[in-house]
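What follows is a single structure, written as structure tokens, with notes after it.
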Amino acid sequence: MADKKKKNLPPDAQEYQAFQKQREVKRPIFKNCIKAFLVGGFICFIGQIISTFYIHFFNFTEQTVGNPTVATLIFITMLLTGFGVYDRIGQFSGAGSAVPVTGFGNAVISSAIEHRTEGFVLGVGSNMLKLAGPVIVYGVFSAFVIALIKTILIKWGGL
Amino acid sequence: MNYYKIVSFCLILLLFGCGTNSTLESSDEENRDIELTKISASNPTAQHPSNQAKEELKKYDEITTIKAVNTDKDLLIAVEVHHHDRFKLANIRKELTKELEKMFPEMKVELTTDKKIILELDQLENKIQAESFTKKKLEKEIKKLIKLSKEQT
């Protein structure tokens, strides 16, 4: 699609595009992937430690330990966001810190902090879920689609 | 286009993950290091069925730990499987439950692979061995564990 758009541009603009493509600093995609993999994996490792802790010392099973683990991780993220540490982690690792549930927590909490000056209702209340809202919407929607596919496969495909 | 290539590649990866074969392999080797606590059968809380079930489950290669405790009516078994066999965890659970139900038709068999239940059953086994548990206390304890293993949220 991007190619089609480019063909409609006037010739000097096309020339400029080619020129800037040459000069543009290449993104180190592979390096970024490795960083994201390591940091994301480390966050999950911490999550696993927390859930093992809950299983051993509290009355949670593998089924039920998910909720307190997520709550604890989001609480830790809240502190890290408030102290400005999570921004650095996000800058370093990109998707590695945005994809786990801590990234979701960070999106909510940082926008709550940012819009604090606009008041509690129109500032914090309305802006808190501005970035996290789409996550919920598309999460629910894709879960629905997957459930639909699974149901069809089981009912008709005999899986 | 390139985009379709990536999507189809991801799909292929995903579908490969689904295609694990579900048959359990059993071997006759007895020299694997599964720790079994045989509980004496002389006290009022007889653990005959548990010991029998442990012997039966020992045959499977996938299983690394087996803990089992029973009352007159209920048999609660917790197994741990090798890590790469966790992909077929649901299948393993289903097949083992079916087999044990065939073995003990007069009992209610609960099989779980939950780490928490393994820990709790380990403690319970030790307790049964150390002190003579009254029948009622054991029944209460097992009821509690079965309820815990069925909790969803």
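The values are calculated or read from the model by the stated rules, or taken from the named source; none is laboratory data. Everything numeric in this text was worked out from a predicted model, so none of it was measured. So basically every Cβ, Gly included, is an ideal-geometry build from the backbone, and we count neighbours across all protein chains shown. For accessibility, only protein heavy atoms count, side chains too; no ligands or nucleic acids. Shrake-Rupley method; radii C 1.70, N 1.55, O 1.52, S 1.80 Å.
Data table
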| read-out | value |
| --- | --- |
| Carbon plus sulfur fraction of accessible area for chain A, probe 1.4 Å, in percent | 70 percent |
| Cβ crowding within 10 Å averaged over residues, with B:53-62, A:116-125, A:144-153 ranked highest first | B:53-62, A:116-125, A:144-153 |
| Beta bridge orientation in region B:63-153: antiparallel %, DSSP, nearest 5 | 60 percent |
| Under Karplus coefficients 6.51, -1.76 and 1.60, residue-wise ³J(HN,Hα) of region A:45-50 in Hz, glycine/proline x | 4, 4, x, 5, 4, 4 |
| Pair B:Ala130, B:Lys94: separation of 7 Å Cα→Cβ label points (nm) | 4.0 nm |
| Helix axis angle, A:132-157 relative to chain A longest principal axis, alpha carbon, degrees | 80 degrees |
| Charge dipole magnitude, Cβ of K and R +1, D and E -1 - region B:36-150, Cα centre, debye nearest 20 | 400 debye |
| Summed buried accessible surface, chains A and B, 1.4 Å probe, nearest 100 Å² | 1000 Å² |
